[in-house]
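Below is one structure, written out as structure tokens; comments come after it.
Laboratory data are not the source of any read-out in this text; all were calculated from the coordinates shown. In this text, all values refer to a predicted model and were calculated from it rather than measured experimentally. A quick note on method: Cβ atoms are made from the backbone with ideal geometry, for glycine too, and the neighbour counts reach across all protein chains shown.
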Amino acid sequence: MAKVYFRYAAMNAGKSTQLLQVRHNYHERHQRTLLLKPELDDRDGVGLIRPRIGGLEVRVDALVQPGTDLRALVEADMKTSGRLDCILIDEAQFLSPQQVRQLCDVADFQDIPVMAYGLRADFRGELFPGSAALMALADAIEELKTICWCGRKATVNARIQDGHVQYEGPQILIGGNEAYTALCRKHWRLDQPVPPGARFD
Ligand SMILES: [Zn+2]
């Protein structure tokens, strides 16, 4: 029986790099994948996945709109292009809970494994809806670790503006001048995005 995997992290943990490696491994075995990404994340340009360290950018097979029925999307793709061996999702935190349930259906009824990569929590320390649904429903949940500047595990994807940690605001901000950095819970609470004496840039 195919499984739903959720691999989550704070930012900068190499999620995209690992996703592209998994995709490469399938292709090397002449198996077919479907690479999906919610459209609202425009960090890398629409429809592109670019690993932070090295590697070439890859174009996704389909952009997922908030209302996209993923089970229908997968069925339509198989009708035109044949059997699928794996569904890969980047930035899975932006999926709706309903889309996560559709992906579970793809695993359970089409018997295709689903690997979703995303952030656990937003800059306020709250679960993204897509991540909450994946935490609840995925068969396998795996953490990709990244560290704060202090060396502790980073758990928060902190939003930084004018050198300071932001604690309030909309969950998704597109086109603003804010930046994000992975911090441990303590340095997030203390508003210390960089070591004492250093400057955030
Ligand atoms: Zn820290």
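Among residues other than residue 2 with Cβ under 12 Å from its Cβ, the summed charge is -4 (Lys and Arg +1, Asp and Glu -1).
Counting helices only, and only those DSSP H runs with n ≥ 4, report the 222 nm mean residue ellipticity of the chain as the sum of -39,500 (n - 2.57) divided by its residues, in deg cm²/dmol to the nearest 500. Present the calculation step by step, with values, prior to reporting the outcome.
Details: 5 runs with 53 residues, N = 201.
Computed ellipticity for the chain at 222 nm equals -8000 deg cm²/dmol.
The overall shape of region 127-201, judged from the alpha-carbon gyration tensor, is oblate: a/c is not under 1.5, and a/b is no greater than b/c.
Among all lysine pairs in the chain that are eight or more places apart or on different chains, how many have alpha carbons less than 19 angstrom apart? Walk me through the intermediate numbers first.
Details: 3/15; 15/37; 15/145; 15/153; 145/153; 145/186; 153/186.
Lysine pairs meeting both conditions in the chain amount to 7.
For region 68-73, backbone phi angles converted through the Karplus equation (6.51, -1.76, 1.60; θ = phi - 60°) give residue-by-residue couplings of 5, 8, 6, 5, 5, 4 Hz, Gly and Pro being listed as x.
Tell me the trypsin sites (Lys or Arg not before Pro) within region 109-179 that lie in a loop according to DSSP and have at most 13 other beta-carbon atoms within 10 Å. Working shown, then result.
On the way: sites: 120, 124, 145, 152, 153, 159; in loops: 120, 124, 145, 152.
Answer in residue order: 145, 152.
Taking every alpha-carbon pair in region 5-133 and binning the separations at 10 Å intervals from zero gives 13, 47, 35, 6, 0 percent. Only beta bridges with both residues in region 4-145 are counted; by DSSP, about 15 percent of them are antiparallel.
Within the listed set 95, 70, 190, the Gaussian network model of the chain (springs between alpha-carbon atoms below 10 Å) gives the highest mean-square fluctuation for 190.
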